[in-house]
1. Quick check on this structure: which one of L143, L157 is in contact (Cβ under 8 Å) with a residue 12 or more places away in the chain, touching a helix residue (DSSP H, G or I) at 6+ places or on another chain (Cβ under 7 Å) and assigned by TED's automatic domain parsing to the domain that holds S19?
2. Is there a residue being polar (S, T, N, Q) and either in a strand (DSSP E or B) or in contact with a helix residue (DSSP H, G or I) (Cβ under 8 Å, 6 or more places away or on another chain) (or both) anywhere in segment 98-107?
3. Go through segment 160-194 and give me each residue that's of a type in the set (S, T, N, Q) and assigned by TED's automatic domain parsing to the domain that holds G35.
4. What are the residues in segment 1-16 that are surrounded by fewer than 20 Cβ atoms within 10 Å (Cβ to Cβ) and part of a helix (DSSP H, G or I), if any?
5. Looking at (1) touching a residue at least 40 places away in the same chain (Cβ under 8 Å); (2) among the acidic types (D, E); (3) surrounded by fewer than 19 Cβ atoms within 10 Å (Cβ to Cβ), which is the one condition that is false for E46?
6. Quick one: D285 ticks every box in (1) without any contact (Cβ under 8 Å) to a residue 60 or more places away in the chain; (2) closer than 24 Å to G122 by Cα except a single one, so which number is it?
7. Taking the criterion of being buried (at least 23 other Cβ atoms within 10 Å of the Cβ) and either touching a residue at least 24 places away in the same chain (Cβ under 8 Å) or not assigned by TED's automatic domain parsing to the domain that holds Y155 (or both), would at least one residue in segment 49-59 satisfy it?
Amino acid sequence: MAELRYVHALNKALEDQLSNDDSVFLLGEDIANAGGSFKATRGLLEKFGSDRVRDTPISEAALSGLVVGAALTGLKPVLEIMFMDFVTLAMDGIVNQAAKSRFMFGGQASVPLVVRMPHGGGMNAGPQHSQCLEAWFSHVPGLKVVCPATVQDAYALTSAAIRDPDPVILVENKALYAMKGELPDDIPDATIGEALILREGQDVTLVSYGAAVFTCLKAAEAMANEGISVEVIDLRTLQPWDKATVSASLEKTHRAIVVHEAVRSYGAGAEIAATIGEICFDELDAPVGRVGAPFMPVPYAPSLEKAYIPDSQDVIQAIYSALE
């Protein structure tokens, strides 16, 4: 068992997949010589050379087309988008080409590519470098969307995404990069679409992903001191998401709250809450709650950004509302 930072677990996953499969290669802006803006690819150029770890021009649109073509010819590209906000420039390649190719070619074409995207606030980077846009991609048939929260999942889900035969959007919260956690010597494989129960409870179920998982765990700990038992589910994957695990939890707790850092309006929580209402209606003793950011751009000022990102007090308030 080794203790690693989240970003180092990502790096190890990329290194291991490069070592295990000659068809894997990395590309992106400043990922080679500089090791990436957040150093997730540091040292990989020296180990694998410029044929496998490539710096690219600043052109997300061109890069998205390049990785689709590479994947269709049998390679497994892993593209880093420096900030998730910049993926707006790459939407045609990802949404119209990568996501549609298997369908349009009658299942004869596989598009095994990964697009890594750091999202989220906490760095005072302003409205054009802090957005959580994962709901966009979860809405697109043909894409899988993964959002690891823990150090172990940073390794295991990155590895699973690279091995997957379909295009995977790998969403990494920037606030987690420096977080430390244990990585077992024998790391169990992760299954895309499988959630984990990180804390068991009887009174309320919190459904979350990414950095908001730890906000939920903090709220659950505070509620335990009040005699309220809170279950915390880390979805890990947004598309497809694990309806069975959430449904089983609601058979115990009969109350659900979906929590994410993304804007609440039209967010992933809206889809999850609606689905819970459809498939778990008879189990619910209260409306499904949602906690998310307000409907506005991410503020630049540290004090405003802190108020903008949902915290444990927001979750606690939602728990009390569910229990009324």
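The values are calculated or read from the model by the stated rules, or taken from the named source; none is laboratory data. Since the structure is predicted, the reported quantities are computational estimates derived from the model, not experimental observations. Methodologically, a virtual Cβ is constructed for each residue, glycine included, from the backbone with ideal geometry; neighbour enumeration extends over all protein chains shown.
1. L143
2. Checked against the condition, which is being polar (S, T, N, Q) and either in a strand (DSSP E or B) or in contact with a helix residue (DSSP H, G or I) (Cβ under 8 Å, 6 or more places away or on another chain) (or both), segment 98-107 yields at least one hit.
3. Scanning segment 160-194 gives a single hit, N173.
4. Of everything in segment 1-16, those that are surrounded by fewer than 20 Cβ atoms within 10 Å (Cβ to Cβ) and part of a helix (DSSP H, G or I) turn out to be K12, E15, D16.
5. The failed condition is (1).
6. Every listed condition holds for D285 apart from (2).
7. Checking segment 49-59: at least one residue is buried (at least 23 other Cβ atoms within 10 Å of the Cβ) and either touching a residue at least 24 places away in the same chain (Cβ under 8 Å) or not assigned by TED's automatic domain parsing to the domain that holds Y155 (or both).
Here's the yes/no breakdown for (1) surrounded by 24 or more Cβ atoms within 10 Å (Cβ to Cβ); (2) at positive phi:
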site	(1), (2)
M82	no, no
F86	no, no
M104	no, no
G107	no, yes
S110	no, no
R116	yes, no
